[in-house]
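The values are calculated or read from the model by the stated rules, or taken from the named source; none is laboratory data. Only a predicted model underlies this, so the values are computations on that prediction, with no experimental measurement involved. Positions of Cβ are backbone-derived with ideal geometry, glycine not excepted, and every protein chain shown enters the neighbour counts. Protein only, heavy atoms only, side chains kept; ligands, DNA and RNA dropped before computing areas. Shrake-Rupley method; radii C 1.70, N 1.55, O 1.52, S 1.80 Å.
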Amino acid sequence: MANFSERIRELRRKNGMTQKALGEIIGVRQDSISIYESGKHYPEVRNLLILADYFGVSLDYLMGRTDDPEVHQLEPR
């Protein structure tokens, strides 16, 4: 299973985006995206949510906890 840094790089490239363009979407500089992709740091939770929503994937997929990118809704109890 991929980790966050691999997933974010993969999603960015798959969508034909530069690090600068992705940074503009979440409001950070290109060097922050580079640091995320190197695995040195993670984005703030707010930015993780923006990334997951933008790419249409679950947080579990983005963070490397599953290989299933689908967002699954929990059933009400």
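Having 1 or more residues that are over 13 Å from the mean Cα position of the chain (by Cα) and free of Cβ contacts under 8 Å to residues at least 40 places away in the same chain is the bar; report the helices (runs of 4 or more DSSP H) wholly within region 1-53 that clear it.
The qualifying helices (runs of 4 or more DSSP H) are 19-26, 30-38.
For region 22-47: of the residues being of a type in the set (A, V, I, L, M, F, W, C) and open to solvent by less than 20 Å² (accessible area, probe 1.4 Å), which is modelled with the lowest pLDDT?
Filtering first and then ranking leaves Ile26.
Among (1) in contact with a Leu (Cβ under 6 Å, 6 or more places away or on another chain); (2) of a type in the set (D, E, K, R); (3) surrounded by fewer than 17 Cβ atoms within 10 Å (Cβ to Cβ), which single condition is Arg7 missing?
Checking Arg7 against (1) in contact with a Leu (Cβ under 6 Å, 6 or more places away or on another chain); (2) of a type in the set (D, E, K, R); (3) surrounded by fewer than 17 Cβ atoms within 10 Å (Cβ to Cβ), the one that fails is (3).
Name the residues in region 6-57 that are under 26 Å from His72 (Cβ atoms) and charged (D, E, K, R), would you?
Glu6, Arg7, Arg9, Glu10, Arg12, Arg13, Lys14, Glu44, Arg46, Asp53
Of everything in region 53-77, what is over 15 Å from Asn3 (Cβ atoms) and either touching a Leu at 6+ places or on another chain (Cβ under 8 Å) or open to solvent by 60 Å² or more (accessible area, probe 1.4 Å) (or both)? Give them in sequence order.
Across region 53-77, the qualifying residues are Asp53, Tyr54, Phe55, Glu70, Val71, His72, Gln73, Leu74, Glu75, Pro76, Arg77.
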